[in-house]
1. Once you've got the GNM for the chain with C-alpha springs shorter than 10 Å, pick whichever of ALA220, ALA295, ALA26 has the biggest mean-square fluctuation.
2. Springs between alpha-carbon pairs under 10 angstrom, Gaussian network model over the chain: which of TYR126, TYR67, TYR246 fluctuates most?
3. Size of the stretch 189-319 along its principal axes in angstrom, Cα-based, largest extent first?
4. How big is D for the stretch 299-383, in µm² s⁻¹ as a whole number, if Stokes-Einstein is applied with the Kirkwood radius of its Cα pairs at 37 °C and 0.692 mPa s?
5. In degrees from 0 to 90, rounded to the nearest 10, what is the angle of the helix 204-224 Cα long axis to the longest principal axis of the chain?
6. Quick one: helix 309-321 against the long Cα principal axis of the chain, what's the angle to the nearest 10°, folded into 0 to 90?
7. Per residue, how many Å² of accessible area does the chain show with a 1.4 Å probe?
8. Give the cysteines in the chain for which no other Cys Cβ lies under 4.7 Å away, or write none if there are none.
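The values are calculated or read from the model by the stated rules, or taken from the named source; none is laboratory data. Because the structure is predicted, anything quoted here is derived from the model rather than measured. When we count neighbours, we look across all protein chains shown, and the Cβ atoms used for this are built from the backbone with ideal geometry, even at glycine. Areas reflect the complete protein model, heavy atoms only, side chains present, ligands, DNA and RNA absent. Shrake-Rupley method; radii C 1.70, N 1.55, O 1.52, S 1.80 Å.
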Amino acid sequence: MESIKEIYKIGYGPSSSHTMGPRNAAQKFVKEHLEADSFRVTLYGSLAATGKGHLTNKAIEDVCALYHKPVTIVWEPQIFLPQHPNGIKFEALDSNGKSVKEWTTFSIGGGDLSDTGKREPKTKRYSQSSMARILQWCRNNGSTFWEYVVQHEEKDIFDFLAEVWKVMKDAVERGLETEGVIQGGLKLPRKAASYHVKAQGYQGTLQRRTHVFAYALAVAEENASGGLVVTAPTCGSCGVLPAVLYLNQKHYDFSNERIIRALATAGLIGNIIKTNASISGAEVGCQGEIGSACAMASAAAVQLFGGSVAQIEYAASMGIEHFLGLTCDPVGGLVQIPCIERNAFAAGRAIDANMFALLSDGHHLISFDTVVEAMKRTGHDLPRLYKETAEGGLAVLM
């Protein structure tokens, strides 16, 4: 497995696969071909189907504008290249409009690119890639998951995670202060600020529940508005983990050090899913995004409250298991409905998984690895119209 730094990417929303990935690809291609007079970019499959709502074209156009280069966007929503649903072809054009250089790549989720459409680790940092083997390592060494991460990452991993946590907190706090309508045409009002105010009128469990909803909405609304967020593991699901961590720090006074260790564990969970299944909504549906985020947040919460590695594994398993089959059906191709509310509900479910796992001894029949494999198979069995094309489900009924 690669570094957990590849799970947590800091960037602007609303989509890691449809905004961050294409922006990164454009930066690479344009910088390598500054001699071109102009560029042509063809978007295929899911990128074309929901690209306008995800600001794919704007991300590419902004990069070209930095270098004062005109660009033409070609949309091909009905053409799905065999390697991956998120295909993108760049062409460098001469003064006569003739293509002199081209590059086809794929935005495979989490802001990552692959010329083959397959996930190929950039740097292999972990010898184990299954939960079963990592659990065994932890038991053999008397360690927990965050210590396993420290053993395999570079020395600056805590500094990196500290910056991740700062950006996450900033997104929560910006989102709680911002009101108004989210851009995009659905005229969807922000809810985080009002939920946060209403939470002050409650006490105990109800207040904590309302707060976690507000925190998740805050980050998801920031993402939908193109704000600065952290993929956890994607932009579309970026509100879940920050909400759970922010809630626990605010209500239970956990230190930044303990939060950062929890981020390490959450990153490991996301890494296992990313390696053995997928975090791409265009590939396996929303279960790969929201389900993975819930698993990460569930594991992080159990660690914060002193759970064993078995209990952490159990919580992560529940976090993704109960989102199996969740479709990616964004209304209008925007990361708004049902995406924003799903962040809030997944954060609530992570709190439930935390409690359920801590009440148990950690033993259960269906392992985390089995659930991840089930998610992968379920995603491949889902019809294409339920995988970030806005051609099925809620997207066509609104």
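1. ALA26
2. Result: TYR67 has the largest fluctuation of those listed.
3. Largest first, the stretch 189-319 extends 44, 35, 24 Å along its Cα principal axes.
4. It comes out at roughly 236 µm²/s.
5. Between the helix axis and the principal axis of the chain, the angle is about 10 degrees.
6. 50 degrees
7. 40 Å²
8. CYS64, CYS138, CYS235, CYS238, CYS294, CYS339
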